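The values are calculated or read from the model by the stated rules, or taken from the named source; none is laboratory data. The model shown is predicted, which means the values in this text are computed figures rather than measured ones. All Cβ positions, even for glycine, are placed from backbone atoms using ideal geometry, and neighbour counts span all protein chains on display. Heavy atoms of the whole protein, side chains included, go into the accessibility calculation; ligands, DNA and RNA do not. Shrake-Rupley method; radii C 1.70, N 1.55, O 1.52, S 1.80 Å.
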Amino acid sequence: MTTHAPVKKAEVASIGSYRWGIVFCLFLLYLINYFDRLAVLTFLPLIRADIKLTHEQIGLAASIFFFGYALAQLSSGWLTDRIGAKKVMTVAIVVFTGVTFITGLVQNYLQFFLCRLGLAVGEGHHYVPAQRCMAEWIPQKEKGRASAFFGTIYAIAPAVIPPAVALLAFWFGSWREVFFVLAIPGLVGMAVLYFFVFNSAAEAHAKGRISTQENDYIQAGLVAEGGTKSDWEALKYLYKDRSFVIYSFVGFCGTGMYWGSTTWISSFLMEQHNFSLKAMGWMAAVPYVTAFLAISAGGIAVDKYFKGSVKPVLWLCFVPSAILFFVVAQVPRGEVVTLVVLLAVMGFFVNLYSGAQYAYPLLRYPREVMGKAIGFSNFVWQMGAFVAPMAAGYLVTKTAEGFSYAGAFSFFAAMSLVGAILVCFLDESHLRKTTDAR
């Protein structure tokens, strides 16, 4: 096994930065993924009216995406470890780009339901290989920042996409044409992946794309190999770790509250507060403007202030979020300034967990089980995203003035409280081992 000497801090700036180019490419590809995903959620009230669906049907169709997405995590983890991240991401982008185009043609509930499942299959095979690629490119002491930068997609995408697609729909006079246009970024993403992304720094170095100095720096800082030799041994390695199960269910709560609120925010604004299509697009972006700051701050805090510990950041996310979900749902119609302020604050705390949550497995587990660790934990996370939108659809109530989302937002608050409790039991003994090794 080749050893790589540690690179001194003063030398880091001169070794090259292709690894950060990889992080940016992964970020761009996932932004394209989110355009396809969030366009559907933005247009849910329009789709519901166009093909005459109930709130319960919309909730099920929104949730079935996450059920299919959760199942895809299992196969994506296995495939990523077997054939490599780049090939799996290529297939994923081809599938979700094609399904996005077809979504603009749906005429009934069955077609819409099947498109949601098809999109889940494509997009469900994207996240795990992206994270495996990150694990192979980013040294341990930069993982918090890299995860936080990648995690800003969960803020930037919802901040940019709703107003963008709402304006496109307003310009076209229909939501359908927007999905035809969204196939174009998918083609761009395929080109970026083909020409610029490599499975690992070692592969890029062998092909002359990065310097020996940068490769040595990356290899010296990667999480050590754990000696796992088979799929079965990898699974035993993970499931003997009680904290892996706890971490997975923390993600269940965090992903559930995030996607539950993201799924229903456009309907909440149009049906409880009577915003127009254009106004809804801008208002739906408000929580995610502050989310960018939250995700960045969370990742930096993990690296710089908490020395790899994710628990303080997760607590700062879940506890305030529970309060804010309840308060936002009670804002009276017409109180626009109050609603904007509360949505902005809510967006900050709901998204604070991302950088910390995604950094945890990168810091804790050896690379050869990374695909399975992320795949199986993300399976549990996405089940949270499956449960939350569907449950919320049954909790929306008809009122004399329209609809009330108080019950739905209370459910998201309950998920936040459960997440805060689970964080108490999250093990971070790997941090002590790292310190002792130094």
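Details
Matching residues to (1) at negative phi; (2) surrounded by fewer than 18 Cβ atoms within 10 Å (Cβ to Cβ):
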{"site": "I374", "(1), (2)": "yes, no"}
{"site": "N378", "(1), (2)": "yes, no"}
{"site": "Q382", "(1), (2)": "yes, no"}
{"site": "A388", "(1), (2)": "yes, no"}
{"site": "G393", "(1), (2)": "yes, no"}
{"site": "G402", "(1), (2)": "no, yes"}
{"site": "Y405", "(1), (2)": "yes, no"}
{"site": "F411", "(1), (2)": "yes, no"}
{"site": "L417", "(1), (2)": "yes, yes"}
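- Candidate set: segment 89-109, residues that are open to solvent by less than 10 Å² (accessible area, probe 1.4 Å) and among the aliphatic types (A, V, I, L, M); chosen: the one nearest to L46 (Cα to Cα): V106
- Residue within segment 71-85 that is free of Cβ contacts under 8 Å to residues at least 60 places away in the same chain, open to solvent by less than 40 Å² (accessible area, probe 1.4 Å) and under 20 Å from the mean Cα position of the chain (by Cα) present: yes
- Selection status of L342, open to solvent by 30 Å² or more (accessible area, probe 1.4 Å) and modelled with pLDDT of 80 or more: yes
- Unmet requirement for T2, which otherwise passes all of (1) over 13 Å from L119 (Cβ atoms); (2) at pLDDT 85 or above: (2)
- First in segment 162-189 and outside any helix (DSSP H, G or I), second anywhere and among the small types (G, A, S), Cβ under 7 Å, 6 or more apart: W175/A169; L182/A39
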